[in-house]
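The values are calculated or read from the model by the stated rules, or taken from the named source; none is laboratory data. Predicted model, so just to flag it, every value in this text is computed and none were measured. Heads up, the Cβs are rebuilt from the backbone with ideal geometry, glycines too, and the neighbour counts pull from every protein chain shown.
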Amino acid sequence: MLTLTPVVCMLSGIAFSGLLDLFFKEDAIQRPEESEPEESSAVSSKLYDKAGRVPKMKHEQQPRETDPIGPNVRSIILVVIMLLLMLFAVHCTWVTSNAYSSPSVVLASYSADGSRQILDDFREAYFWLSQNTADHARVMSWWDYGYQIAGMANRTTLVDNNTWNNSHIALVGKAMSSNESAAYEIMTALDVDYVLVIFGGVIGYSGDDINKFLWMVRIAEGEHPKDIRESDYFTENGEFRVDSQGAPTLLNCLMYKLSYYRFGELKLDYRTAAGYDRTRNTVIGNKDFTLTYLEEAYTTEHWLVRIYRVKKPDEFNRPRIPVANRLVKSTSFSSKKNSKRKKGSIKNKPVVIKGKRLSKQS
Amino acid sequence: MLRLLPVLVIISYAACAIPINSNIVNKNVDRIIDLNSQLVKVTASITLENTGKDPVSNVLIFMEPDAQGSLAFISAQDALKEDLKLEPIKVDGLKDAYEVKLRQPLNQGRTAGINVEYVYTNALQPYPNSISQKDRQLVRYFGNHYFYSPYKTVKQTTTIMLNSRDIENYTKLKPVSQQDTTITYGPYNNIEGLTVDQLVVHYENNAPFLTVTRIERLIEISHWGNIAVQENTEIYHSGAKLKGPFSRYDYQRDSSSSHHSIKAYHTVLPAAAHSIYYRDSNGNISTSQVRSRKDWIELELRPRFPLFGGWKSSYTLGYSVPSYQYLFKTNNNQYVLKMRLLDHVFDDMHVNELETSIVLPVGVKNIQLKTPYEVQRLDDEITYKYLDNLGRIIIKLRKENLVEQHIQDLEITYDWQSVLLLHEPILLSLALYALFVFVIIYVRLDFSIHKPEHSKTQ
């Protein structure tokens with residue numbers, strides 16, 4: 001469409017000019033010295049080789065003198081043309097505001113009653129990043145969002161739209177397609193603080209990261225063929241699916257987990273089951289899982305952008321502190337469990353002694 | 001369970017610079033401490049009695065030396081609700097001390113009533129100071145069981161108003177009673193002056209703990225009939241910090257209205273405001289609602305994301321008002337601008353830092369400034385707008401720690417010639433005139449080296 005537009009514009013310009021030529025000639029026809037420009041055109045027709053341009057005979061000019069189109073018709077048509085052109089300006093403004101300048105970061109939709117609904121999730125997430133993360137936080141995301149994060153969130157990204165080094169992109173792809181613990185190694189090596197994924201399953205946004213995921217796998221496979229194999233992410237029938245039939249490697253990779261974390265509990269409406277993905281029109285396969293190395297930092301209103309914080313090593317793998325070095329010392333507690341009593345016991349369990357009144361605690 | 005035993009501390013100030021008239025006695029003090037919001041609002045109705053012989057015209061008001069938070073506002077009124085003059089004085093060991101000038105001297109054996117109202121900010125401390133998303137926000141208030149005064153108090157009661165029934169704990173200095181959301185202490189009789197006995201209330205407070213860390217208010221006057229106002233606001237959730245993850249799923253499921261996160265708040269704009277915009281560095285924020293009320297415009301502002309403890313956000317809000325409502329001509333060439341130094345941001349607001357800049361029109365002279373309260377005046381600046389060669393003076397005012405009571409008018413008087421209105425059009429016409437003259441001359445001159453044979457091509 002975009003390439004056709006100039007052509008259409010040119011042609012319509014010519015058409016309008018021809019139309020106006022026809023209806024604007026009122027004065028020229030009624031003037032008596034009309035034959036003079038006619039002569040000059042005859043001269044020019046001699047200069048340029050134009051086929052079929054013969055000076056007109058007197059009897060041929062006769063019907064034009066009478067002017068078959070009356071002045072009223074001319075003015076009406078002129079007004080109509082002018083109105084059309086003005087309407088076109090209005091139309092152009094509308095098109096520009098709707099089709100051409102409608103930014104893809106703001107998703108606008110129209111509900112049944114004509115009111116406009118704006119899904120501003122991208123800007124919401126990027127503004128959250130810019131306000132509530134450390135200034136030097138590094139964000140890992142697929143390269144598509146690199147410039148957006150740099151421009152709107154003002155945070156450092158690992159890869160962006162102008163990353164020419166394929167191994168960088170492949171490393172991010174590898175992190176996204178590995179399982180959580182393998183991804184954590186890559187993320188700590190890259191000093192990642194936050195991970196950002198785009199998830200369209202709630203609103204049915206088709207350009208999300210799960211739909212782009214095969215590319216991440218392919219690019220990762222290109223650089224790390226030993227660790228990532230594309231075939232692992234397909235079912236035996238060669239299908240890419242996220243439901244319970246899906247390949248286990250896919251259902252446990254980082255991208256899947258980050259996209260669907262706690263989505264399995266979400267019921268979108270009463271008709272669909274919990275964890276129904278609107279983009280892929282299935283109920284997701286792996287619903288009940290927790291994250292060990294990451295925690296949800298922010299999810300936008302329509303779940304479109306999900307941001308996770310990468311935990312520091314001491315947050316999930318807390319080393320044992322010797323009792324002597326502990327700041328908070330617990331009271332001596334010895335387990336009453338032995339081989340006989342496997343059941344748990346309640347410490348300081350109240351015992352009811354019959355026939356005696358419980359003395360009041362002072 | 002934490003049990004806080006009341007500790008009686010009597011501090012006597014021997015080294016007070018100002019002599020305390022021991023003849024004055026607080027016959028009765030009714031104190032209401034309002035802890036409904038993030039602020040501590042105290043209203044004390046004091047009945048003073050002069051037991052001495054000499055008439056008394058000044059009364060001292062002291063604030064506790066170890067009070068939490070900072071005093072943002074204080075005012076005193078007499079029994080007829082007329083404002084009394086308060087003058088800050090310096091007393092050793094006290095942060096805030098004031099001297100109230102009574103309207104009429106208090107003679108021997110007579111009584112007079114004064115109402116003192118003051119607001120403390122940052123006085124409520126979230127405890128625990130970090131909570132997870134589904135926890136309730138609990139805060140602690142540290143106060144004094146007794147009215148802090150340099151004079152002896154014969155009888156006093158204190159009422160504490162809370163916004164929830166969930167009170168974890170409060171000090172129980174008898175007689176004390178709790179009814180629904182109010183705690184009443186007292187009456188206590190014959191308490192010596194400057195007595196401090198710590199009062200602690202630990203209760204649930206889910207009111208928005210929203211602090212405006214900085215607000216830059218820019219007022220631009222145009223004598224063509226418009227005043228443009230723009231506010232750059234930085235907000236911060238100063239309640240208990242969010243611990244652990246933020247879960248959108250839990251947030252969507254939790255539909256209870258009382259939650260410590262802040263989803264939206266209301267700003268009040270003048271009724272004549274138009275061309276309102278609400279945006280931030282990423283462009284227009286599409287989640288705001290304008291509602292016209294009879295005397296004002298209510299603006300529901302929703303930040304891009306809900307604010308949890310420790311989260312911050314910033315935005316720009318701007319609007320225009322017609323100048324005839326705020327700009328008045330006093331005499332020949334003198335104009336008075338009466339505008340709010342600080343405007344409403346949200347109810348029970350707390351502004352850490354305010355910087356108001358007023359851009360005056362081109363060529364003003366003889367500027368006089370009258371502020372409703374003491375503010376710091378920064379150096380004047382000069383800005384250049386479109387087609388401006390003279391520059392406009394910017395008056396910059398700064399103040400810290402403000403609350404709702406500071407929403408008051410400021411007055412700027414200046415001299416200005418109305419001919420200056422034509423300054424820019426004349427400048428523009430002159431420039432265009434010069435350009436056309438230049439073009440006319442240029443066209444008439446022949447700069448060609450070689451004269452063409454045909455002066456006309458056709």
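Listing for the model above:
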| quantity | calculated |
| --- | --- |
| Filter result for the condition that a residue is of a type in the set (A, V, I, L, M), in contact (Cβ under 8 Å) with a residue 24 or more places away in the chain and surrounded by fewer than 22 Cβ atoms within 10 Å (Cβ to Cβ), over A:Leu196, A:Leu190 | A:Leu190 |
| The stretch B:277-293, subset part of a loop (DSSP other than H, G, I, E, B) and within 13 Å of chain A (Cβ to nearest Cβ), residue nearest to B:Thr233 (Cα to Cα) | B:Ser281 |
| The stretch B:229-273: number of residues that are among the aliphatic types (A, V, I, L, M), touching a Gly at 6+ places or on another chain (Cβ under 7 Å) and surrounded by fewer than 20 Cβ atoms within 10 Å (Cβ to Cβ) | 0 |
| Residue within the stretch B:189-198 that is farther than 25 Å from B:Asp254 by Cβ, touching a residue at least 24 places away in the same chain (Cβ under 8 Å) and either among the aromatic types (Phe, Trp, Tyr) or in the same structural domain as B:Ser323 (by TED's automatic domain parsing) (or both) present | no |
| Residues of the stretch A:290-329 that turn out to be within 13 Å of another protein chain (Cβ to nearest Cβ) and among the aliphatic types (A, V, I, L, M), as a count | 7 |
| Tally, over the stretch B:322-372, of residues that are in contact with a helix residue (DSSP H, G or I) (Cβ under 7 Å, 6 or more places away or on another chain) and over 24 Å from B:Ala273 (Cβ atoms) | 2 |
| Residue within the stretch B:17-24 that is part of a strand (DSSP E or B) and β-branched (Val, Ile, Thr) present | yes |
| Scan of the stretch A:270-289 for residues that are under 22 Å from A:Glu239 (Cβ atoms), within 13 Å of another protein chain (Cβ to nearest Cβ) and in contact with a Lys or Arg (Cβ under 8 Å, 6 or more places away or on another chain), ordered by number | A:Gly275 |
| From the options B:Gln104, B:Gln77, residue that is of a type in the set (S, T, N, Q) and at pLDDT below 90 | B:Gln104 |
| Residue check for B:Pro208: away from every other protein chain (no Cβ under 14 Å), surrounded by 15 or more Cβ atoms within 10 Å (Cβ to Cβ) and not in a strand (DSSP E or B) | yes |
| Test: residue in the stretch B:212-222 that is over 25 Å from B:Met63 (Cα atoms) and not in a strand (DSSP E or B) | no |
| Residue identified as in contact (Cβ under 8 Å) with a residue 60 or more places away in the chain, more than 22 Å from B:Ser22 (Cα to Cα) and not basic (Lys, Arg) among B:Ile61, B:Ile131, B:Ile74, B:Ile46 | B:Ile131 |
| Members of the stretch B:247-276 that are more than 11 Å from chain A (Cβ to nearest Cβ) and either among the basic types (Lys, Arg) or at positive phi (or both) | B:Ser275 |
| Odd one out for A:Leu250 among (1) within 14 Å of another protein chain (Cβ to nearest Cβ); (2) within 23 Å of A:Leu196 (Cα to Cα) | (1) |
| Residues of the stretch A:296-313 classified as buried (at least 18 other Cβ atoms within 10 Å of the Cβ) and either more than 24 Å from the chain's Cα centre (by Cα) or assigned to a strand (DSSP E or B) (or both), total | 10 |
| Which numbered condition A:Ala220 fails, given (1) part of a helix (DSSP H, G or I); (2) of a type in the set (A, V, I, L, M); (3) surrounded by fewer than 19 Cβ atoms within 10 Å (Cβ to Cβ) | (3) |
| B:Asp379 vs. criteria outside any strand (DSSP E or B) and out of contact with any helix residue (DSSP H, G or I) (no Cβ under 9 Å at 6 or more places or on another chain) | yes |
| Matching residues, the stretch B:151-167, being in contact with a strand residue (DSSP E or B) (Cβ under 6 Å, 6 or more places away or on another chain) and at pLDDT below 90 | B:Ser164, B:Asp166 |
| Subset of the stretch B:185-205 (residues that are buried (at least 16 other Cβ atoms within 10 Å of the Cβ) and over 28 Å from the mean Cα position of the chain (by Cα)) | B:Tyr185, B:Gly186, B:Tyr188, B:Ile191, B:Gly193, B:Leu194, B:Thr195, B:Val196, B:Asp197, B:Gln198 |
| Criterion violated by A:Asp113 - all others in (1) within 18 Å of the chain's Cα centre (by Cα); (2) surrounded by fewer than 22 Cβ atoms within 10 Å (Cβ to Cβ) satisfied | (1) |
| Boolean, B:Asp388 is out of contact with any strand residue (DSSP E or B) (no Cβ under 7 Å at 6 or more places or on another chain) and not in a strand (DSSP E or B) | no |
| Among residues of the stretch A:227-239, those that are touching a Phe, Trp or Tyr at 6+ places or on another chain (Cβ under 7 Å) and not in a helix (DSSP H, G or I), counted | 1 |
| Some residue of the stretch B:128-148 being farther than 30 Å from B:Pro245 by Cβ, among the basic types (Lys, Arg) and more than 24 Å from the chain's Cα centre (by Cα) | no |
| The stretch A:106-140, residues that are within 12 Å of A:Met152 (Cβ to Cβ) and away from chain B (no Cβ under 11 Å) | A:Val139 |
| Residue in the stretch A:244-257 that is out of contact with any Pro (no Cβ under 6 Å at 6 or more places or on another chain), closer than 26 Å to A:Glu124 by Cα and part of a strand (DSSP E or B) present | no |
| Unique residue being assigned to a loop (DSSP other than H, G, I, E, B) and either touching a residue at least 24 places away in the same chain (Cβ under 8 Å) or over 25 Å from B:Asp348 (Cβ atoms) (or both) when the list is B:Tyr148, B:Tyr203 | B:Tyr148 |
| One residue from B:Glu353, B:Glu404 being modelled with pLDDT of 95 or more and farther than 23 Å from B:Val336 by Cβ | B:Glu353 |
| Members of the stretch B:302-353 that are of a type in the set (D, E, K, R) and either within 14 Å of chain A (Cβ to nearest Cβ) or farther than 26 Å from B:Phe73 by Cβ (or both) | B:Arg302, B:Arg304, B:Lys312, B:Lys329 |
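Conditions tested, residue by residue: (1) assigned to a loop (DSSP other than H, G, I, E, B); (2) at pLDDT below 90; (3) within 14 Å of chain B (Cβ to nearest Cβ).
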position: A:Val172; (1), (2), (3): no, no, no
position: A:Val195; (1), (2), (3): no, no, yes
position: A:Pro225; (1), (2), (3): yes, no, no
position: A:Leu268; (1), (2), (3): yes, yes, yes
